[in-house]
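Report on the structure given below.
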Amino acid sequence: MALHLVPDADKPVETPADQVRKRVRSYAKPKGMIQCHKCGGREVIETKTGVLTADGRKYSGGTKSLLCANCFMKGERVVLL
């Protein structure tokens, strides 16, 4: 059985939204500022996973993570840190 190479697919045409994302990612930012690698947004939401409750009010434990707020509003969970 012979193997055949499949030619590379053409790159998809950049949509206006892709052009905006590319432009926003290229903006200058302070060195320590967090920026989403997917959309270029700089808004974050802090979440905790695995939190335990005691007496209905006290919270303990949990793993913190930062999510991109823009991607989260679109239904995507993009973890930044």
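Taking the residues in the range 53-76 that are charged (D, E, K, R) and assigned to a loop (DSSP other than H, G, I, E, B) as candidates, determine which candidate is farthest from Met33 (Cα to Cα). Don't jump to the end; show me each part of the working.
First pass over the range 53-76, keeping only residues charged (D, E, K, R): 55, 57-58, 64, 74, 76.
With the extra rule that they be assigned to a loop (DSSP other than H, G, I, E, B), the set shrinks to 55, 57, 74, 76.
Numbers: Asp55: 38, Arg57: 33, Lys74: 22, Glu76: 21 Å.
Looking at the filtered set, the residue picked out is Asp55.
Is there a residue being surrounded by fewer than 12 Cβ atoms within 10 Å (Cβ to Cβ), on the phi < 0 side of the Ramachandran plot and in contact (Cβ under 8 Å) with a residue 40 or more places away in the chain anywhere in the range 72-81?
Within the range 72-81, one or more residues are surrounded by fewer than 12 Cβ atoms within 10 Å (Cβ to Cβ), on the phi < 0 side of the Ramachandran plot and in contact (Cβ under 8 Å) with a residue 40 or more places away in the chain.
Only residues that are farther than 17 Å from Ala17 by Cα and basic (Lys, Arg): list them for the range 43-81, please.
Lys48, Arg57, Lys58, Lys64, Arg77
Out of the residues in the range 21-36 meeting the condition of being surrounded by 12 or more Cβ atoms within 10 Å (Cβ to Cβ) and at pLDDT 85 or above, tell me which one is nearest to Lys74 (Cα to Cα).
It comes out as Cys36.
Looking at Glu14, is it part of a strand (DSSP E or B) and within 24 Å of Met73 (Cβ to Cβ)? Give the derivation first.
Details: part of a strand (DSSP E or B): no; within 24 Å of Met73 (Cβ to Cβ): yes.
So Glu14 fails the test.
Which one is nearest to the chain's Cα centre (by Cα), of the residues in the range 24-52 that are part of a loop (DSSP other than H, G, I, E, B) and among the basic types (Lys, Arg)? Don't jump to the end; show me each part of the working.
Let us first name the residues in the range 24-52 that are part of a loop (DSSP other than H, G, I, E, B), namely 27-43, 50-51.
Imposing the further condition that a residue be among the basic types (Lys, Arg) reduces the set to 29, 31, 38, 42.
On the way: Lys29: 17, Lys31: 19, Lys38: 5, Arg42: 10 Å.
The selected residue is Lys38.
Out of all the residues in the range 38-67, which are within 11 Å of Val79 (Cβ to Cβ) and surrounded by 12 or more Cβ atoms within 10 Å (Cβ to Cβ)?
Selection gives Lys38, Val44, Ile45, Thr47, Ser65, Leu66, Leu67.
Which pairs have Cβ atoms under 7 Å, sit 6 or more apart or on different chains, and link a residue in the range 14-38 that is of a type in the set (A, V, I, L, M) to one that is surrounded by 11 or more Cβ atoms within 10 Å (Cβ to Cβ) and not in a loop (DSSP other than H, G, I, E, B)?
Sorted first by the residue in the range 14-38, then by its partner, the pairs are Ile34/Val44; Ile34/Leu66.
The values are calculated or read from the model by the stated rules, or taken from the named source; none is laboratory data. Nothing here was measured: the structure is a model prediction, and the numbers come from that model. So basically every Cβ, Gly included, is an ideal-geometry build from the backbone, and we count neighbours across all protein chains shown.
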